[in-house]
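J.: Before I ask anything, let me first share the structure, which is written out below as structure tokens.
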Amino acid sequence: MSVHKKERAQLLDGALVWPYSSPDFVIRAGNRFVRLDIPDADELSEIVALQEKEIGRTAALQVTQAVFDANPDSFRVFRGITPCGTQTYIAGFASFLFLNDEGECELEAGTFIGRAPTLTSLSAPHVPPAATYAWALVARGFGALAVKHAALSYRPDLYRGVPVWCTAASDAGAQLINAEGFASKRNGAGVGGVFRTDQPAVLKERAS
């Protein structure tokens, strides 16, 4: 754990965890292993570059930095582990916008702009949001596992039962979104479609 991360960690129920959640664990994806983690601020430029390469026109670095500063828990990074296990590299990431009532109203009205969210529409840290917007996912080759473990890494006392919204940016993304039980709200069930679910399938599994 880096010094930067140590500064953000604290004791909760006797364990060293993040101020919001505790995502530091390893996922097995086929023949490789991926560590789920919260990125450091100096890794955001690499995340944005990966996002632009894999998804296309998305939020700028300045916007990404502002969201990170407001709530680092909005991001999960997937670190590939080299065969010897001594080095890691960024293999993908997931990002979320935790929205207050203003943000939820924008989603319902169709005025929400994912590439440039209004910062006043973000919920305060440690406050259960009115809605969660799945902002971006880059996890080539392990998307379903990435969704599952990213969701399970969030504290249920803050996020369980909160509706989740997302927009399909690719055919693969649309397939994954539909498989997770999201219902189309606007623009159909394919690319460009806006979706919502009151509880993703993976969280229903945890609750049962």
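J.: Which value in nm describes the separation of the simple spin-label points at Glu108 and Leu152, placed 7 Å from the Cα toward the beta carbon?
T.: Using points 7 Å along Cα→Cβ, the separation is 3.3 nm.
J.: Let me ask another. Please state the charge dipole magnitude for the stretch 13-207, taken about the Cα centre, from unit charges on C-beta atoms (+1 on K and R, -1 on D and E), reported in debye and rounded to the nearest 20.
T.: Numbers: 17 positive and 21 negative charges, 143 e Å.
With Lys and Arg at +1 and Asp and Glu at -1, about 680 debye.
J.: Give me the one-decimal nm value for the distance between modelled label points at Arg160 and Lys53, 7 Å along each residue's Cα-to-Cβ direction.
T.: The modelled label-to-label distance comes out at 3.8 nm.
J.: With N set to the number of residues, divide the alpha-carbon radius of gyration of the stretch 96-208 by 2.2 N^0.38 Å and report two decimals.
T.: Working: Rg = 13.3 Å, N = 113, 2.2 N^0.38 = 13.3 Å.
So the Cα radius of gyration is 1.01 times the expected 2.2 N^0.38 Å.
J.: Count the net charge of all other residues whose Cβ sits under 10 Å from the Cβ of Val162, scoring Lys and Arg as +1 and Asp and Glu as -1.
T.: Values: positive: Arg160; negative: Glu104, Asp198.
Net charge in that neighbourhood comes out at -1.
J.: Do you know the relative contact order of the stretch 13-207, to the nearest whole percent, from alpha carbon pairs under 8 angstrom that are 6+ apart?
T.: 18 percent
J.: If packing is taken as the average number of other Cβ atoms within 10 Å across a peptide's residues, how do 135-143, 28-36 rank, most packed first?
T.: Working: 135-143: 20.1, 28-36: 15.1.
Result, highest mean first: 135-143, 28-36.
J.: Where the Cα atoms of the stretch 13-207 are projected onto their three principal axes, how long is each span, largest first, in whole Å?
T.: If we take the Cα atoms of the stretch 13-207, the spans are 50, 39, 37 Å.
Only the coordinates and a few stated rules stand behind these numbers; no lab work does. None of the values given here were measured: they were computed from a predicted structure. Cβ coordinates were reconstructed from backbone atoms using ideal geometry, including for glycine residues, and neighbour counts include every protein chain displayed.
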